[in-house]
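Asker: Just passing along the structure, written as C-alpha cells.
Please treat every number below as a calculation from the coordinates, not as lab data. This is a predicted model, so every value here is computed, not measured. All Cβ positions, even for glycine, are placed from backbone atoms using ideal geometry, and neighbour counts span all protein chains on display.
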Amino acid sequence: MSTAANNLGPTSSVVALCGGVGGAKLALGLNRLIGDRLTVVVNTGDDFEHLGLHISPDIDTVMYTLSGLSDLERGWGRADETWNFMASLEQLGGAAWFRLGDRDLAMHIERTRAMRGGASLTDFTSSMARKLGISATILPMSDHRVETVVDTDDGQLPFQEYFVRLQCKPVLKHLTFRNAASAVATPAVLQSLRDPDLAAVIVCPSNPYLSIDPILAVPGIRDALDKIAAPIIAVSPLIAGQAVKGPTAKIMAELGVPADSISIARHYPFLSGLVLDEADRKDAGKIDLPTHVTQTLMKSVDDRDRLAAACLEFASALATKE
Ligand code: GDP
C-alpha cells in the first residue's frame, strides 16, 4: 500500500461505486492508496445464469483487477488464460457466444456451488476476495437478483444478449432494472455508506447507464447517498466526448443526451464534485458543481494511483469547504 499524499485520517473509509473494466481501474488505484479502508460496491445488474452457472461479470473484473490476476490487454477475464473448455464446448455444439476461460471457469463453478449451498453473493464474494489476498471489501450492490433489461429497436433484450452477443449494436431506447423494486440493499452496503468515518464516496468512471444506475436502483442506496455528509464525487467516463471503451457515448446519443461531462454531472444529482479530463477543461465552467480537471486516462498503474490520489485530495478539499 502506498503512503502517497492523501488527507484521510487513519480510520477514515472510502466507498467506490463501480461497474466493470473502467471502474475497476480506479478502484485498483484507490486500493493501492488506502488498502482495507476501501469498500467497492459493485454492479450486479449484468449477472446472469449461463450453462447452469451464476456469472457475475463486474464482480469478477473487480476481483481479478484488485488481485493482479486480470488480463490487461483483453480488458476482461484472467491473464494467462487458456480456452480448452470453450473449444470442447463448441465442438459439442454448446453455446459459445459468451467466452469462459479455463481459469475463469473455476470462479463461476465455485460461486454456483456456494450459492446453491445457501451462501449469499455477499458472503461468497468476501470469501473469494480474502482468498485472493484483496485488502478492500468488495460488495455486490444487492443479494437479490436485479437484472438489467435493455429495450432496443430489436425488442427487449437480456443484458448479455445486448452487450456480448449483439455487441451493443441495437439502438437502446430504455433500460429496466428488473426486480429492483423488490430488492433490498444489503446490511453491508448500507453500513459502508453510514460509516461515521466515511470520508468520501467516489463514483468510478463506469458507464452511468449500464453500471452505476443499477446500483442506484437498489432501494436504500440512493436514500443513503442523499443522507451522506461526506463529499460524493464522480470521475467522468468520457474524454473529449468519447468513451475510452464501450458504448457510453453511443448510448447517450441514442437517449438524446449530449455525450459530454456536463451531462455526466447532471446524471448524478447527488454529487458534490466532478473530476473531468484535461481535454474537457472547457466544460468545467458550464458545470454547476465544483470540478477538478486532470488527466483521467488510466493506461499504467501509475495513472491509476495518480487519479486515485487526485480524487481523494479533491474530496478532502470539498470536505474542508463544507
Ligand atoms: P464495463 O462494465 O466493463 O463496461 O465497465 P465500466 O462500466 O466500469 O466502464 C466503462 C466506462 O469506463 C466507459 O464509459 C469508458 O469510457 C470508461 N473508462 C474506461 N477506461 C477509462 C479511463 O482510463 N479513464 C476514464 N476517464 N474512463 C475510462
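Asker: Could you give the distance between the Cα centres of the range 64-81 and the range 203-226, to the whole Å?
Answerer: 25 Å
Asker: Something else now. What does the charge count near Glu73 come to, summing +1 for each Lys or Arg and -1 for each Asp or Glu among other residues with Cβ under 14 Å from its Cβ?
Answerer: Neighbourhood net charge equals +2.
Asker: May I ask you to sort Trp97, Trp76, Trp83 by Cβ crowding, counting other Cβ atoms within 10 Å and putting the fewest first?
Answerer: Lowest to highest Cβ neighbour count: Trp97, Trp83, Trp76.
Asker: Could I ask something else about it? Count charges around Ile59 for me, please; just the other residues with Cβ under 11 Å from its Cβ, Lys/Arg as +1, Asp/Glu as -1.
Answerer: Local charge sum for Ile59: -3.
Asker: How much length would be gained if the chain were fully extended between Asp288 and Lys245, taking 0.36 nm per residue of separation minus their Cα-Cα distance, in nm to one decimal?
Answerer: Net length gain for the segment: 12.8 nm.
Asker: Something else: Could you tell me the relative contact order of the chain? Use alpha-carbon pairs under 8 Å, at least six residues apart, and round to a whole percent.
Answerer: Averaging sequence separation for qualifying contacts and normalising by length gives 21 percent for the chain.
Asker: Okay, moving on. Can you give me the P(r) profile for the range 166-230? Cα pairs, bins 10 angstrom wide beginning at 0, each as a whole percent.
Answerer: Reading the bins upward from 0: 18, 44, 26, 10, 1.
Asker: Then there's this: How big, in percent, is the set of alpha carbon pairs in the chain lying more than 33 Å apart?
Answerer: In whole percent, the share of Cα-Cα pairs in the chain beyond 33 Å is 21.
Asker: Oh, and also: Report, ordered by chain and residue number, the aspartates and glutamates lying within cross-link reach of Lys227, taken as a straight Cα distance under 13 Å and ignoring same-chain residues fewer than 8 apart.
Answerer: Asp195
Asker: If amide H atoms are built 1.01 Å from N in the plane of the peptide, which residues on other chains or at least 5 residues away come under 5 Å of the amide H of His144?
Answerer: Correct list: Val184.
Asker: Can you compute 3J(HN,Hα) from phi for each residue in the range 46-55, using the Karplus curve 6.51 cos²θ - 1.76 cosθ + 1.60 with θ = phi - 60°, rounded to whole Hz and x for Gly and Pro?
Answerer: Values, residue by residue: 8, 4, 7, 9, 9, 6, x, 10, 8, 9 Hz.
Asker: Taking θ = phi - 60°, what integer Hz values does the Karplus form 6.51 cos²θ - 1.76 cosθ + 1.60 yield along the range 157-164, in sequence order, with x for Gly and Pro?
Answerer: 10, x, 3, 5, 4, 5, 6, 9
Asker: Each residue of the range 120-130 in turn: what ³J(HN,Hα) in whole Hz from Karplus with 6.51, -1.76, 1.60 and θ = phi - 60°, glycine and Pro shown as x?
Answerer: 7, 4, 4, 5, 4, 5, 5, 5, 5, 4, 5
Asker: Whose amide H sits under 5 Å from the amide H of Val203, counting only residues 5 or more places off or on another chain, with H placed in the peptide plane?
Answerer: Placed amide hydrogens put Leu17, Ile233, Ala234, Val235 under 5 Å from Val203.
Asker: Then there is this: Would you calculate, for the chain, the mean residue ellipticity at 222 nm contributed by helices, counting each DSSP H stretch of 4 or more residues as -39,500 (n - 2.57) and dividing by all residues, to the nearest 500?
Answerer: -10500 deg cm²/dmol, from helical runs alone.
Asker: For Lys299, give me every one of the lysines with a C-alpha distance below 18 angstrom, ignoring sequence neighbours fewer than eight places off in its own chain.
Answerer: Output for Lys299: Lys25, Lys245.
Asker: What is the order of Cys18, Cys204, fewest Cβ neighbours within 10 Å to most?
Answerer: The order, fewest Cβ neighbours first, is Cys204, Cys18.
Asker: Right, something else. Just to confirm a number: summing +1 for Lys and Arg and -1 for Asp and Glu over residues other than Ala87 whose beta-carbon lies under 12 angstrom from that of Ala87, what do you get?
Answerer: -1
Asker: So what are the range 12-119's ellipsoid semi-axes, whole angstrom, largest first, if each one is the square root of 5 times an eigenvalue of the alpha-carbon gyration tensor?
Answerer: Working: eigenvalues 150, 52, 24 Å².
After scaling each eigenvalue by five and taking roots: 27, 16, 11 Å.
Asker: If amide H atoms are built 1.01 Å from N in the plane of the peptide, which residues on other chains or at least 5 residues away come under 5 Å of the amide H of Phe48?
Answerer: For Phe48, the qualifying residues are Ile55.
Asker: What is the spin-label model distance, in nm, from Lys321 to Lys227 if the labels are put 7 Å beyond Cα along the C-beta direction?
Answerer: Once both label points are built, they end up 2.6 nm from each other.
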